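Single-structure report; data block below.
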Amino acid sequence: MSPAEATVRLGRDPAWARLLIVSAMLAVGGCSTAPVVVEGEEPETPVFSSERLIKPDVEQFGDMSDPLEAFNKTMYRFNYRVDKYVLLPLVIGYYKVTPAFFRAGIHNFFTNFRNITVFFNSVLQFSGRKSYQTAGRFAVNSTIGLAGLFDPATPMGIPQHNEDFGQTLGRWGVGPGPYLVLPLLGPSNIRDGVGLGVDWYVNTWAREALLDPNEWWKRAWMLLYVIDTRAHVQFLYFGTGSPFEYRLVRQLYTTKRQLDIEK
Amino acid sequence: MFRWFQALTLVTAGLVSAAAAAYDYPFDDPFVATVVGTPVEYRAELDVKVPLKRRSMKVFPGRKTPELFFYDDKFRYSYALQKGPAPLVFIIAGTGGSHDGRGVKWLGQAFYQAGFSYVGLSSPTYSNFIVSASQSGVPGHAFEDAEDLYRVMEHIRDKLGKRIQVTDYFLTGYSLGAFNTAFVARLDDQRHSFDFKRALMINPPMRLYSSISLLDRMLENIPGGEDNFGQFYQSLVDAFAKVYTRSDSLQFNEDFLYQAYEVFKPTRELLAALIGTSFRMSAANMAFTSDVMTDFGYIKPANVLLRKNTDLTQYNQVAMRLGFTDYFHAYFYPYFHTSDPKLSRGELIEEMSLRTIEDYLRSATKIYVIHNEDDLILEPGEIDFFPEVFGDRATIYPNGGHLGNMEQRDVVAHMIEVFRQ
C-alpha cells in the first residue's frame, strides 16, 4: 500500500479511528505531567528556583488552564510522527510529480470552494460586508475563474476572508473551552474543534449538492485536499527550537484565534 | 546657492561612497533597523529557486538522548547543491538561530544565485545543536563550539561525498555565527580539512561578554521591568488587535514588519524591549536545554528526570527570567571552573573574545568582515577593533543596526564580491 492510499484509508475506515483513540488513551494513561525524582526523596533546589524568582501574584506569559495537557502532549507527538512520516513525504512527492500551474489550480479550487463555508459563517456573524464580498469572490471565481481553478477575484480587489464556525461561535460569545490538540489537525480547543466538525459537514453537504461526485472523485478530492492543506500550513512540529514549544504554540494559537474572532 | 548646495551633496556623497561603495539604507535609528530589517524596495532581488534539502544525522552514535528531547536525537541541517562542479559555502546561524531560519536561508539563496552550493548550520546555541552535536552540552565557548562545528562540517562533507564536486570551500556566519566563523577558520588552518578559500564574518560580536550584557539590559525597557513580561505581551497583543481587526491593509507577508512599523511608529523603548525579548527567548531555550543535558541543577533540580509529558511551566518561567549574564556567572563559569580550578571569572570573560585570536586574524588574509557603525551588540569603541585588525578586509557601513541591512542589495552584492575575487 502506498502512503497515498494509506491516507485515503485513514480518512474512510472507522476501525482506524477507533484504533487511534484507543492507543491515544493507552498512551495518556501511562504518563503523568509531574517530574520524576530519580535520587533521594525530594527534588534538590536548583541554582534558580521558581520560589526564588517568580512573584506569585503576577500574570505570567503562557499561563492558562490546560486540563487535557497529558492527552494534548501525547497527541502532539503523534501528529509529529504522522506529519514526518506520512504528510510531509506526500507533500514532497506532490511537488515532484506535479507542475506549478496544477498545484496553483488545486489550491485556488479548494480556497474557492471553502468560500461556501466562509459565506455561511459571515452570514451567521451578521457581517454584510464579509458576506457580499465572499459571495462576490465565489461568483467571479466559479465562473470566469473556471470553477475556481483561477483567481481573477484577487486582481479585481475582492479580499479573501477566513471565517469558520469556531469564529462564529466566538462571535456569539461562546468561550474557547480547554485547549485541545486534535489528531492530525493539530492545535485547537473544544469550541474550534466543534466548529471544524460543523464546517466539514457543511462543506461535504455543499459538495454533494453541487457536484454529486462519484466515489473515485471523492477519494481524489480528499487526498488532494489533505496534501494542499498541509502544503500551505507553515508549521513544523518541534520546529521552533524551543524546549517550551508546547506552551509557546498553545499561547500563540490562543492569541491568534482571539484576533481572528475580533477581526 | 542651489548649485553650490548640489555640489556639496555630490562631494559628501563621494566621500561616503569611498568608505562603502554605493550603499542606500533607510533607517538611521539602529533599533528600528534591527527590528524592521530591509524594506522590500531596498532588498536584493533574489528570484532563483533553491533546491533546498533538509537532512539529519546522528553525530555521536553512542549518545543517549534525554526522553524529553527525543525529537532532537539527530542533528538537523540543510543544503542546496548546484549541478556540476561548484564552490560550496558553509553558513553558520546567529544566536539561537536554526539552519533553515530566515537568516541562513537568505544568505543561502544569495550565494546559490551567485553560483555557490551551500550547507546551512544551526548555531551551537540552538537546542537541536546542543542536544545532538555539542560534545559538552554547554554552548557559548568559543573554542569548543568551533570544535563541535568543525566535527559536523566534516560529517556533512563525508555524507555529501561523491555526489558533488566542490571546487573551493567558503565559510560565513552572522552575529554569533560570525564569531564562530573566526574560530572555525582558525581551526581549519591547523587541520586543513577544507582549506577555506575565503571566510566572511557578518556583524560579529567583538567580546561576547560585552554583547550579552548589552542584550540583557534591553529588557529593562519593559514597563515595570521583567516581572511584567506577561502584561507587556498582553498590551502588545491588544494594541495590535486594535489595528489588525479594523483594516485589511495589514497583511502577514514578507513586508509585515515594515507595515507594522509604519502603522505603529513604536518608541525606541518598545523596540529595545522587543529586541531584548527575542534574545531572552534564545537565552532561555539555550540555558534550559543545556541544563537538561548536563544535570547541572541550574534551573531543573539535578535529581529530577523530565518525562515526555512533564509540565514545564515553572522551568519555562524561571528560564525566561534569566539572561545570558546569569548563564555565564551561575552556570557557564562554574561548569568550566570545575575542570580547570585555576581559571578565573575575568580570564574566562576575556578569553571569549576576538582579541584572543587577534594575531591570527591580523595575518589571516582570507578572512573578511562586514559590520555596522551603529550595531547594537557592540560597546562604544569596539567597532574600531575591526578596521584596526582587518584593515582593508573590513567594510563598515554607516547604519543598519544589528543585521538590519543583511538583505540590502549593496551589502549582498559586496558579500558575493568577497567570495568571487
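Observations on the model:
- Kirkwood Rh, angstrom, the protein assembly as shown [1 / mean 1/r, Cα pairs]: 27.6
- Close amide-amide hydrogen proximity is noted between B:Tyr397 and B:His371, B:Asn372, B:Glu373, each under 5 Å apart and 5 or more residues distant or on a separate chain (H modeled in the peptide plane; Pro and chain starts excluded).
- Under a model in which nothing but the beta-carbon of Lys, Arg (+1) and Asp, Glu (-1) is charged, region B:214-346 shows a dipole of about 240 debye around its Cα centre.
- If you plug the beta carbon distance of A:Tyr132 and B:Leu343 into 1/(1 + (r/R0)^6) with R0 = 51 Å, you get a FRET efficiency near 0.10.
- When each of A:Lys84/B:Lys74; A:Lys84/B:Lys300; B:Lys300/B:Lys342; B:Lys49/B:Lys74 is checked by Cα-Cα distance, pairs over 21 Å: A:Lys84/B:Lys300; B:Lys300/B:Lys342; B:Lys49/B:Lys74
- Ranked list, fewest to most other Cβ atoms within 10 Å of each Cβ, for B:His99, B:His192: B:His192, B:His99
- Within the same chain, lysines fewer than 8 places from B:Lys265 are excluded, and of the rest, those with a Cα less than 18 Å from its Cα are B:Lys242.
- Take each residue of peptide A:38-44, count the partner chain Cβ atoms within 10 Å of its Cβ, and average: the result is 4.
- Computed helical MRE - 222 nm, chain B, DSSP H runs ≥ 4 contributing -39500 (n - 2.57), nearest 500: -14000 deg cm²/dmol
- Packing-based ranking, highest mean first, of B:202-209, A:65-72 given that Cβ atoms within 10 Å are counted: B:202-209, A:65-72
- For region A:111-194: Kirkwood Rh in Å [reciprocal of mean 1/r, alpha carbons]: 13.8
- Across the alpha-carbon atoms of region B:58-131, the computed radius of gyration and Dmax are 14.0, 42 angstrom.
- Residue order, fewest to most beta carbons within 10 Å, for A:Met222, B:Met352: A:Met222, B:Met352
- A crude spin-label estimate for the pair A:Leu259 and A:Arg207, with each label 7 Å from Cα along the Cβ direction, gives 3.0 nm.
- Chain A - mean residue ellipticity at 222 nm from DSSP helices (-39,500 (n - 2.57) per run, n ≥ 4, rounded to 500): -19500 deg cm²/dmol
- For region B:313-421, radius of gyration divided by Kirkwood radius, i.e. Rg to Rh on alpha-carbons: 1.08
- Note on B:Ser282, B:Ser122, B:Ser290: ascending count of other Cβ atoms within 10 Å places them as B:Ser282, B:Ser290, B:Ser122, the fewest first.
- Counting only other chain Cβ atoms within 10 Å of each residue's Cβ, the peptide B:276-282 averages 1.
- All-pairs alpha carbon distance profile, chain B, 20 Å steps from 0, percent: 25, 58, 17, 1
- Straight-distance candidates among the aspartates and glutamates for linking to A:Lys263, with alpha-carbon spacing under 14 Å and chain neighbours fewer than 8 residues away dropped: A:Glu163, A:Asp164, B:Asp238, B:Asp248.
- Principal axis extents of the Cα atoms in region B:214-346, from largest to smallest and rounded to whole angstrom, are 59, 39, 30.
- Region B:271-312 - convex hull of alpha carbons, volume per residue in Å³: 79
- Between the listed residues A:Gln258, A:Phe109, B:Phe143, the Cα displaced farthest toward the positive end of the dipole of the protein assembly as shown, a dipole computed from Cβ unit charges relative to the Cα centre, is found at A:Phe109.
- Inter-label distance for B:His329 and B:Arg163, nm, one decimal - labels placed 7 Å from Cα along Cα-to-Cβ: 4.8
- Averaged over the residues of peptide A:60-68, the number of Cβ atoms from other protein chains lying within 10 Å of each residue's Cβ is 4.
- Remark: spin-label model distance B:Arg54-B:Val40 equals 2.6 nm, labels positioned 7 Å along the Cα→Cβ axis.
All of the numbers you see were taken from the coordinates with simple rules; none came from a lab. Note that this is a predicted model, so its numbers are computed, not measured. With ideal geometry, Cβ positions are generated from the backbone for all residues, glycine too; neighbour counts draw on all protein chains shown.
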